[in-house]
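As C-alpha cells, the structure follows; a few thoughts come after it.
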Amino acid sequence: MTRAHDSKQKWGRGAINAVAAATMLYLFAPIVMIVLFSFNNPKGRFNIVWNGFTLKNWANPFSHQELTEALVVSLKVAFLSTLIATILGTCIALALSRYKFKGSGAVNLFLVLPLTSPEVVLGSSLATLFLSRGISFGMVTVIIAHVMFQVSFVAVTLRARIRGFDWSLEQAAMDLGATPRRAFWKVTFPLILPGILAAALLSFALSIDDFIITFFNAGSLVTFPLQIFGASRVAIPAQINVLATMLLMGSIAIMVGGLIIESRRNRLNNGSEAKR
Amino acid sequence: MVFVAFGVVALAAEWVTGALAIGLLALLITSVVAIIWVAIMGGLETRRALAPYGLLKPGILWLSLFFLAPLWTMLEMSLSSKKSRFDFFPSFSWEWSNYSKALTDFAPQFGRSFLYAGIATLLTLLIGYPLAYVIAFRGGKYRTLLLGLIAVPFFTSYLIRTLAWQNLLSDSGPVVSVLETLKLENIMEWLHIMDNGRLINTPAAVIGGLTYNFLPFMILPIYVSLEKIDVRLMDASMDLYTTATGAFRRVVLPLSMPGIFAGSLLVFIPAAGDFVNAKFLGSPQTTMIGSSIQDQFLVQLNYPLAAAMSFVLMAIITASVLVYAKFMGTEDLA
C-alpha cells in the first residue's frame, strides 16, 4: 500500500471515531443536564434556568409529597408486574428453546407482535376493553397492562440469552437418577438464573418508565411518569432531578455489580480450564 | 389448573366475545382433555410431549386476554356509534364513517407522524452505525463498558430525558447561546432547523427528541450483528486487494443488514406512535397522531374515532414494515 493510501485510511478511521465520540456526547448531554440541575437553586417553580449551586434539594429529596407517593406507586407496580411477567415469560422462553413442537413459529410471531405495536395502540385498545367490560381503572389495570408488554420482552430476551444452552446436562442429571423436576431445579435453573435476572431487571426498568400505556389505563392512579407529566405544566421542582439521579445511580450500581460478578465468574471459569 | 379456572372466569364474565371466545373455549377444552389424558396415561413420554404447551399456556393466555382480546374489542369499537345522544357507550353498527373521518380529519397528523418518524429513523442509523461499529471493532476490552454506557440513558425516565431536552433547547438554553456566539443562526434558519431564532417548538426539535430517545434501539441490534462478523473475513477481502471502503461495502455492510433492519423497526414503530416529544418539544403545528388518539380517547371521549385512528396507524405501520422487509430482502420478521 502506498503512503498516500495509508494516510487516507488513518484519516477515515479518525473521522469514524470522531462521529462515534460525538454520538456518545449526544447520548449523555441530557443526562449531564439532569444531574447538574439537581444541584440548581431554582428561581420560581420551574427548574429550568441555572440560578446557583445548592445542596438543599439533595438534603430533602422527599419534600414533595405527591412526587414521592408517585414514586412509591411506580415501584409497587413495577415489583408486582415484573414478578408475574418474569414467571410467565421464563416459562415461554423455556418452552421455545427446550422443546421442538408444532406451532412454535406461530408462538414466536405472536410474542413479537406486542413489541412491534405502537404503545398508543396497545394502551388505547386495552383501555377500550376495560371500558366496555365496566372494569374500573386503577393499580390492577396498570399491572395487567405492564405484565402484557413485559411478558413478551422477558420471553424474547431470555430466549436469546439461553440459545445454545446445553440441555444434555439435564439429561445427564436424570441418567444419574434425578427426577426431571429435581434435574431442572438443581442443574438448569441455576445456570439460566443470571439470564432471568437480567431480563427481569430490564423489564422492571421498562415498567417504572412506562408512560403512554399507563396514561390510558391508570384512571386516578398516579405513577412517577404520570406525576411528572401532570406537574410539568404547573411546576418542575428540582426534586424531580434528584429522584431521577437516584434512580440512575441505583441502576448503574446494579449494572456495574452485575458486570463485576460476570467477569469474576468468567475468570474463575478460565482458571479452572487452565488447570485442566 | 389455575389457568383453566382463570379462562373459565374470563369466559363467564364475557371478557372476550366473538371469535376469540370460541378460540379460548377450544384452548380450554384441549387443555382439560390434555390434563385428563396425562392423568390416565401418566407415562413420561406423554408428559414430555405436552410439557411445552403446559409451559406456554399461562403466558399465551395472558397475551390472548390482554393483547389480542383488546384488539378485537377495539376493532368492534372502531365500527360503533352512539345510537342516541343520551347513550354513554357506543354500540356496534358497521359505522365505516369513523374510518373516513380518521383519514380525512387527521391526514396532516398522520403525515407528520410518518415523516418525523422516518427522518428520525434515518438519523439514528446515520449516527448510530458509526458508534456501533467503533464499539464492535475497536472497543477492545472496553466493549462491555461502552455498551453499558449506551444503556445508561434508559435508566432515567423517558419523560425526564425529554424535559432535559426542552431545557437544553430552550431560548435561554446552552444550544441556542452557542449557536448565537458562533453566528450560525442564519444557516440554521436556512436549513429550517431554527424558526425565528428559536429551536424549541420547531419540527426539528421534535425530530431531534425522537432521534435521541430511540437511538439506543438502533445501536444495540446493529452492534449485535456486527459483533458476530469474523474479522478474518475483512482481512481476507483486503488480501484480495479491496480497499478498506470496499471491504466495508462488500463484507461488513451486507452482514450487518439484519441489525439495521431490526433497529429501524425498533425506532420507527415507537417513534410513529409517540406523543411525548411532540408535546414537550413541539408546538400545536407539530402534533403527531399519537397525541390526537390520546386526545380523542381521554379528552373528547370519542372512543370509536380513537379506535379507528389506532387501526389506521397499525395498518400503515404493518404495510410499511412489509414493504421495507421486501426491500431489505429479509424474511425473518423477528
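The values are calculated or read from the model by the stated rules, or taken from the named source; none is laboratory data. On a predicted model such as this, the values are computed, not experimentally measured, just so you know. Using ideal geometry, Cβ is built from the backbone for each residue, glycine included, and neighbour counts are taken over all protein chains shown.
Condition check ((1) within 14 Å of chain A (Cβ to nearest Cβ); (2) in contact with a Ser or Thr (Cβ under 7 Å, 6 or more places away or on another chain); (3) of a type outside the set (A, V, I, L, M); (4) touching a residue at least 24 places away in the same chain (Cβ under 8 Å)) across all residues:
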| position | (1), (2), (3), (4) |
| --- | --- |
| B:M74 | yes, yes, no, yes |
| B:F88 | yes, no, yes, no |
| B:S97 | no, no, yes, no |
| B:F106 | yes, yes, yes, yes |
| B:I119 | no, no, no, yes |
| B:I127 | yes, yes, no, yes |
| B:V134 | yes, no, no, no |
| B:K141 | yes, no, yes, no |
| B:L145 | yes, no, no, no |
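Just a yes or no: is a residue in region B:187-196 closer than 30 Å to B:F155 by Cβ and within 12 Å of another protein chain (Cβ to nearest Cβ)?
no
I'd like to know if region A:184-198 contains one or more residues that are within 12 Å of another protein chain (Cβ to nearest Cβ) and aliphatic (A, V, I, L, M). Steps first, please.
Applying the first criterion (within 12 Å of another protein chain (Cβ to nearest Cβ)) to region A:184-198 yields A:184, A:198.
Narrowing the set further to residues that are aliphatic (A, V, I, L, M) leaves A:198.
Taking every residue of region A:184-198 in turn, at least one turns out to be within 12 Å of another protein chain (Cβ to nearest Cβ) and aliphatic (A, V, I, L, M).
Is it the case, given these coordinates, that A:P118 is at the interface with chain B (Cβ under 8 Å from one of its Cβ atoms), without any contact (Cβ under 8 Å) to a residue 40 or more places away in the chain, of a type outside the set (S, T, N, Q) and buried (at least 23 other Cβ atoms within 10 Å of the Cβ)?
Answer is yes for this residue.
Can you tell me which residue is surrounded by the fewest Cβ atoms within 10 Å (Cβ to Cβ) among those in region B:133-158 that are hydroxyl-bearing (S, T, Y) and within 28 Å of the chain's Cα centre (by Cα)?
B:T144
Those residues that are within 7 Å of chain A (Cβ to nearest Cβ), farther than 15 Å from A:V32 by Cβ and buried (at least 21 other Cβ atoms within 10 Å of the Cβ), I need them from region B:159-184; list them, please.
B:L159
Which numbered condition trips up A:S124, out of (1) of a type in the set (S, T, Y); (2) assigned to a loop (DSSP other than H, G, I, E, B); (3) within 10 Å of chain B (Cβ to nearest Cβ); (4) in contact (Cβ under 8 Å) with a residue 24 or more places away in the chain?
(2)
Which of the helices (runs of 4 or more DSSP H) found entirely inside region B:236-308 contain at least 2 residues meeting this: among the β-branched types (V, I, T) and either surrounded by fewer than 20 Cβ atoms within 10 Å (Cβ to Cβ) or more than 8 Å from every other protein chain (Cβ to nearest Cβ) (or both)?
Hits in region B:236-308: B:257-273.
The conditions are (1) within 21 Å of the chain's Cα centre (by Cα); (2) within 11 Å of chain B (Cβ to nearest Cβ); (3) loosely packed, with under 13 Cβ neighbours inside 10 Å, and A:F211 fails exactly one of them. Which is it?
(3)
Take region A:131-151 and flag every residue that is facing another protein chain (nearest Cβ under 9 Å), part of a helix (DSSP H, G or I) and of a type outside the set (G, A, S).
Passing the criteria: A:L131, A:I144, A:V147, A:M148, A:F149, A:V151.
Do we find a residue being under 18 Å from the mean Cα position of the chain (by Cα) and surrounded by 13 or more Cβ atoms within 10 Å (Cβ to Cβ) anywhere in region A:164-176? Explain how you work it out, then say what you get.
Within region A:164-176, the subset under 18 Å from the mean Cα position of the chain (by Cα) is none.
Within region A:164-176, not a single residue is under 18 Å from the mean Cα position of the chain (by Cα) and surrounded by 13 or more Cβ atoms within 10 Å (Cβ to Cβ).
Here's the yes/no breakdown for (1) at the interface with another protein chain (Cβ under 10 Å from one of its Cβ atoms); (2) among the acidic types (D, E); (3) more than 20 Å from A:N51 (Cα to Cα); (4) surrounded by 13 or more Cβ atoms within 10 Å (Cβ to Cβ):
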{"residue": "A:V234", "(1), (2), (3), (4)": "no, no, no, no"}
{"residue": "A:P237", "(1), (2), (3), (4)": "no, no, no, yes"}
{"residue": "A:I240", "(1), (2), (3), (4)": "yes, no, no, yes"}
{"residue": "A:M249", "(1), (2), (3), (4)": "yes, no, yes, no"}
{"residue": "A:I252", "(1), (2), (3), (4)": "yes, no, yes, yes"}
{"residue": "A:M255", "(1), (2), (3), (4)": "yes, no, yes, yes"}
{"residue": "A:N266", "(1), (2), (3), (4)": "no, no, yes, no"}
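Counting residues that are more than 11 Å from chain B (Cβ to nearest Cβ) and under 24 Å from the mean Cα position of the chain (by Cα), which helices (runs of 4 or more DSSP H) fully inside region A:30-115 reach at least 2?
Passing ranges, in order: A:65-98.
Hey, A:V222 hits all of (1) part of a helix (DSSP H, G or I); (2) at pLDDT 85 or above but one; which does it fall short on?
A:V222 satisfies every listed condition except (1).
For region B:215-235, how many residues meet the condition of being over 30 Å from B:I119 (Cα atoms) and assigned to a loop (DSSP other than H, G, I, E, B)?
Taking region B:215-235 as the starting set, the residues that turn out to be over 30 Å from B:I119 (Cα atoms) are B:230-235.
Right, trim to assigned to a loop (DSSP other than H, G, I, E, B) and you get B:230.
Of the residues in region B:215-235, 1 are over 30 Å from B:I119 (Cα atoms) and assigned to a loop (DSSP other than H, G, I, E, B).
State which residue pairs qualify: first residue among the hydroxyl-bearing types (S, T, Y) and inside region A:53-82, second residue loosely packed, with under 14 Cβ neighbours inside 10 Å and modelled with pLDDT of 80 or more in any location, beta carbons under 9 Å apart, and separation of 6 or more residues or different chains.
A:T68/A:F62
Only residues that are touching a helix residue (DSSP H, G or I) at 6+ places or on another chain (Cβ under 8 Å) and surrounded by fewer than 20 Cβ atoms within 10 Å (Cβ to Cβ): list them for region B:96-108, please. Step through it out loud before you land on a result.
First, pick out the residues of region B:96-108 that are touching a helix residue (DSSP H, G or I) at 6+ places or on another chain (Cβ under 8 Å): B:98-99, B:101-103, B:106.
Hits for region B:96-108 are B:Y99, B:K101, B:L103.
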